[in-house]
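Chemist: I have a structure I would like to understand better, so I am pasting it below and will then ask my questions one at a time.
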Amino acid sequence: MESAAFYKYFTIVSISTAVLLLALCQLPLLQPYLLFSFISLALFMLLTLLMFVVGGITARSSNTNLFTTVILGFTFGKIFLSLFVVLGYHQLTQPTSKIFLLPFFIVYLIFTIFETYLMMQIGQHSKPAVK
C-alpha cells in the first residue's frame, strides 16, 4: 500500500472512530469514559502508524519470515499493552461499571480490522513476482 493511500484511509478510519466515540459518549452511561475512549483512540492510532512503518520495512526485507514475525509480535504486543492500559485505568479511576470497556473494545476492533487489511495489502504488494 502506498503511503498516500495509507494516510488517506488512516485519516478516514481515525476521524470516523472519533465521531463514533463522541456519539457513544453522549449516552449517560458512557459520558464518564470520554477521556478514556480518546486515550484508547490515540493509543491505537499510534500503534497503527508504527505497524505501517515497521511492516513496510520488514516486508521488503530479504528474510521472508521477518514480516510475519513482526506482525505476530505487534499483535501480541497490542494485546498485552491493551491489558496493561485497561488494568491501569481500572486501578487509577475505579470505574463504577464495566461499561467503560465498551468504547475501548470498539476502538480495538476497528483498528484491528484496519491493521489486518493494511498488513494484507503490504504483504501482497511486497512479494517478488513468481516466475
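Every number in this text was worked out from the coordinates using simple rules, so none of it is lab data. All of these numbers come straight from a predicted model, not from anything done at the bench. Cβ: placed from backbone, ideal geometry, glycine included. Neighbour counts: every protein chain shown.
Chemist: With each pseudo-label sitting 7 Å past Cα toward Cβ, what's the T69-A42 distance in nm, one decimal?
Modeler: A separation of 3.4 nm, rounded to one decimal place.
Chemist: Give, in nm to one decimal, the length gained when the segment between I12 and F80 is fully stretched (0.36 nm per residue of separation minus the Cα-Cα distance). All intermediate terms of the calculation are to be shown ahead of the outcome.
Modeler: On the way: separation 68, 0.36 × 68 = 24.48 nm, distance 2.64 nm.
Extending this stretch completely gives an extra 21.8 nm.
Chemist: If you don't mind, another one. Using the beta-carbon distance between M120 and T96 and R0 = 41 Å, what value does 1/(1 + (r/R0)^6) give for FRET efficiency, to the nearest 0.05? Write out the running numbers ahead of the final one.
Modeler: Details: r = 40 Å, r/R0 = 0.98.
Efficiency, from the Cβ-Cβ distance: 0.55.
Chemist: Please work out the C-alpha center-to-center distance from segment 1-22 to segment 42-106 and express it in whole Å.
Modeler: Cα centres, segment 1-22 to segment 42-106: 17 Å.
Chemist: Rounded to two decimals, what is Rg over Rh for the chain when you use alpha-carbon atoms and the Kirkwood radius? The partial results should precede the final answer.
Modeler: On the way: Rg = 16.8 Å, Rh = 16.0 Å.
Rg/Rh: 1.05.
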